[in-house]
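Enquirer: I have a structure here, written as structure tokens, and I will follow up with some questions on it.
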Amino acid sequence: MLGIILGLVVLMVLAFLGWSIIWVAPIAAGVVALTGGLDLLEAYTDTYMSGFVGFAKKWFPVFMLSAIFGKLMEDTGMARSVAVALSRLMGTKRAILGVLLSSAVLTYGGISLFVVVFAVYPLALSLFREANISRRLLPATIALGAFTFTMTALPGTPQIQNLIPMPYFQTTAMAAPVMGIVSALIMGICGYYYLIWRQKQMAANGEVYDEPNDKSILKVEGSVPNVLLSLLPLLTVLITLNVLEWDIVIALLAGILLILILNISKIKGFVKSINAGAAGSITAIINTSAAVGFGTVVQAVPGFKKLTDMLVGIPGNPLISEAVAINLLAGATGSASGGMGIALEALGAKYYELSMTSGIAPEAFHRIASLSSGGLDVLPHNGAVLTLLTITGMTHKDSYKDIAVVAIIIPIIATAVAIVLAAMGIY
């Protein structure tokens with residue numbers, strides 16, 4: 001068991017140092033294997049790789065199609081069209097709300113949060129300039145819309161963090177809608193009013209808008225499609241997934257096909273966009289598969305049973321132990337999907353068994369798993385955080401405190417409220 005803890009420490013420390021989890025996870029798995037009495041070579045070539053390949057086999061189509069969907073939405077201008085419309089609707093006086101809603105709608109429609117950042121940032125900068133709001137708040141505003149309630153809480157979201165728990169608990173993307181909606185309202189409303197309070201605080205201290213040094217990211221070319229047409233692919237994915245109950249692969253294919261039909265005049269650029277989306281999905285699926293492989297090795301050592309007993313034995317509702325396990329692993333890996341993948345690969349069957357004996361519905365375990373993946377994952381070494389800060393031209397010193405409040409502290413509070421609701425039998 002100490003070896004498992006040591007392996008997690010190695011994983012977390014190296015991830016904090018910025019080393020890629022693709023090769024950090026096998027190193028950490030090797031530590032677990034050696035201290036657990038496993039043959040090192042066999043642990044890597046068989047146990048680790050079986051977990052790695054198993055996850056990739058199950059989820060690669062979703063990662064790839066999701067990335068292609070997002071890239072086509074970006075390159076055709078549809079994502080920008082939706083963001084522009086929402087930003088104009090909110091106006092300068094509600095600049096923070098406009099940026100927040102633009103990020104949220106795109107993410108809930110199935111677009112990768114990395115694509116959302118690129119689509120929203122130029123418009124966000126324009127709104128913040130007109131409203132004279134400090135750019136230091138930009139990363140937290142985008143993070144609130146893209147990294148929190150639309151990723152983990154809102155029932156029906158096609159983001160991978162809401163899909164991974166489905167096979168473990170035999171649930172759908174709409175699992176535990178009341179818990180999800182209440183959690184989403186806590187994250188959205190509390191996060192928004194926190195940002196408004198920070199805006200006033202900064203203004204009182206004389207912190208106002210200043211132009212970024214690098215303006216290359218702001219070069220936006222070409223006209224955007226009609227906003228109603230641009231919303232159709234997003235609605236198609238949501239409706240086919242949740243209303244028609246199509247498999248997520250078919251739902252994403254339907255959304256992609258509609259984008260291609262609605263933008264047939266741009267057919268020359270389709271192959272380039274699809275190639276870029278497919279290539280971009282490789283790193284994401286390999287990162288998560290590497291983390292899951294680590295979880296598979298942990299599961300194979302004798303100390304795992306003691307760890308399971310310790311986690312499941314946390315006093316009170318079993319949802320608490322699930323939330324603690326996934327949050328800690330998401331923090332260690334710097335990845336919501338990676339941390340959840342490790343936890344559910346190792347403990348998913350146990351929690352499903354508990355759902356059958358504890359009287360708590362599997363849907364509640366699904367929603368808490370999803371919510372918990374979106375807490376400590378946003379530690380400073382998180383890839384999405386690093387990308388967001390790079391694109392917006394901010395540093396951790398400039399903006400990370402506000403990101404932590406809206407994307408770590410408030411989501412953890414929302415998860416605690418969801419656990420209380422589940423304990424009351426409200427799903």
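The values are calculated or read from the model by the stated rules, or taken from the named source; none is laboratory data. Keep in mind the model is a prediction, meaning the values are calculated, not measured. As a convention, Cβ positions derive from the backbone with ideal geometry for all residues, glycine included, and neighbour counts pool all protein chains shown.
Enquirer: I need a count of the residues in the range 81-115 that are at pLDDT below 90, assigned to a helix (DSSP H, G or I) and under 21 Å from LEU386 (Cβ atoms).
Expert: Residues in the range 81-115 being at pLDDT below 90, assigned to a helix (DSSP H, G or I) and under 21 Å from LEU386 (Cβ atoms): 3 in total.
Matching residues to (1) in contact with a Pro (Cβ under 9 Å, 6 or more places away or on another chain); (2) within 25 Å of MET187 (Cβ to Cβ):
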residue	(1), (2)
LEU40	no, no
ASP46	no, no
LEU72	yes, no
ARG94	no, yes
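Enquirer: Give the range 200-228 a look and list any residue that's at pLDDT below 95 and polar (S, T, N, Q), or say none.
Expert: Correct list: ASN205, ASN213, SER216, SER223, ASN226.
Enquirer: Determine which member of the set SER50, SER134 is touching a helix residue (DSSP H, G or I) at 6+ places or on another chain (Cβ under 7 Å), surrounded by fewer than 22 Cβ atoms within 10 Å (Cβ to Cβ), closer than 23 Å to THR395 by Cβ and modelled with pLDDT of 90 or more.
Expert: Numbers: SER50 fails: closer than 23 Å to THR395 by Cβ.
On inspection, the qualifying residue turns out to be SER134.
Enquirer: Could you list all residues from the range 403-421 that are surrounded by 22 or more Cβ atoms within 10 Å (Cβ to Cβ) and not β-branched (Val, Ile, Thr)?
Expert: ALA407, PRO411, ALA414, ALA418
Enquirer: Any idea which of (1) of a type outside the set (A, V, I, L, M); (2) farther than 20 Å from GLY339 by Cα; (3) touching a His at 6+ places or on another chain (Cβ under 7 Å) is the one GLN199 doesn't satisfy?
Expert: (3) is the only condition that GLN199 fails.
Enquirer: Moving on. Inside the range 309-352, can you point out the residues that are outside any helix (DSSP H, G or I) and either crowded, with 24+ Cβ neighbours inside 10 Å or among the charged types (D, E, K, R) (or both)?
Expert: Of all residues in the range 309-352, those outside any helix (DSSP H, G or I) come to 313-317, 334-335.
Those that are outside any helix (DSSP H, G or I) and either crowded, with 24+ Cβ neighbours inside 10 Å or among the charged types (D, E, K, R) (or both): GLY334, SER335.
Enquirer: May I pose another question? For residues that are charged (D, E, K, R) and touching a residue at least 24 places away in the same chain (Cβ under 8 Å), scanning just the range 351-390, find the one that is nearest to LEU163 (Cα to Cα).
Expert: So the first thing to find is which residues in the range 351-390 are charged (D, E, K, R), and the list is 353, 363, 367, 377.
Remaining after also requiring touching a residue at least 24 places away in the same chain (Cβ under 8 Å): 363, 367, 377.
Working: GLU363: 12, ARG367: 10, ASP377: 17 Å.
Here the answer is ARG367.
Enquirer: Now for a different question. Just a yes or no: is a residue in the range 368-388 out of contact with any Pro (no Cβ under 9 Å at 6 or more places or on another chain), surrounded by fewer than 24 Cβ atoms within 10 Å (Cβ to Cβ), modelled with pLDDT under 90 and farther than 28 Å from VAL297 by Cβ?
Expert: Looking for residues that are out of contact with any Pro (no Cβ under 9 Å at 6 or more places or on another chain), surrounded by fewer than 24 Cβ atoms within 10 Å (Cβ to Cβ), modelled with pLDDT under 90 and farther than 28 Å from VAL297 by Cβ, one finds at least one in the range 368-388, hence yes.
Enquirer: Another question about this same structure. Step by step: first the residues of the range 1-47, then only those that are over 24 Å from the mean Cα position of the chain (by Cα) and outside any helix (DSSP H, G or I), then the one that is modelled with the lowest pLDDT. Which residue is that?
Expert: Of everything passing the filter in the range 1-47, MET1 is modelled with the lowest pLDDT.
Enquirer: With respect to ALA175, is the statement that it is of a type in the set (A, V, I, L, M) and in contact (Cβ under 8 Å) with a residue 40 or more places away in the chain true?
Expert: yes
Enquirer: Test LEU127 against the stated conditions and say whether it is part of a helix (DSSP H, G or I), more than 21 Å from the chain's Cα centre (by Cα) and buried (at least 21 other Cβ atoms within 10 Å of the Cβ). Can you show your working first?
Expert: Numbers: part of a helix (DSSP H, G or I): yes; more than 21 Å from the chain's Cα centre (by Cα): yes; buried (at least 21 other Cβ atoms within 10 Å of the Cβ): yes.
So LEU127 passes the test.
Enquirer: Kindly indicate the residue of the range 228-280 that is touching a Phe, Trp or Tyr at 6+ places or on another chain (Cβ under 7 Å) and of a type outside the set (A, V, I, L, M, F, W, C) and also surrounded by the most Cβ atoms within 10 Å (Cβ to Cβ) among those meeting that condition.
Expert: Applying the filter and picking the extreme gives GLY255.
Enquirer: Could I ask something else about it? Only residues that are small (Gly, Ala, Ser) and in a helix (DSSP H, G or I): list them for the range 171-187, please.
Expert: Correct list: GLY180, SER183, ALA184.
Enquirer: Further question: Could you say which residue among ALA204, ALA254, ALA290, ALA279 is free of Cβ contacts under 8 Å to residues at least 40 places away in the same chain and under 30 Å from ALA332 (Cβ atoms)?
Expert: Answer to the selection: ALA279.
Enquirer: Kindly indicate whether GLY359 is at pLDDT below 90 and assigned to a helix (DSSP H, G or I).
Expert: Considered against the rule, which asks whether it is at pLDDT below 90 and assigned to a helix (DSSP H, G or I), GLY359 comes out as no.
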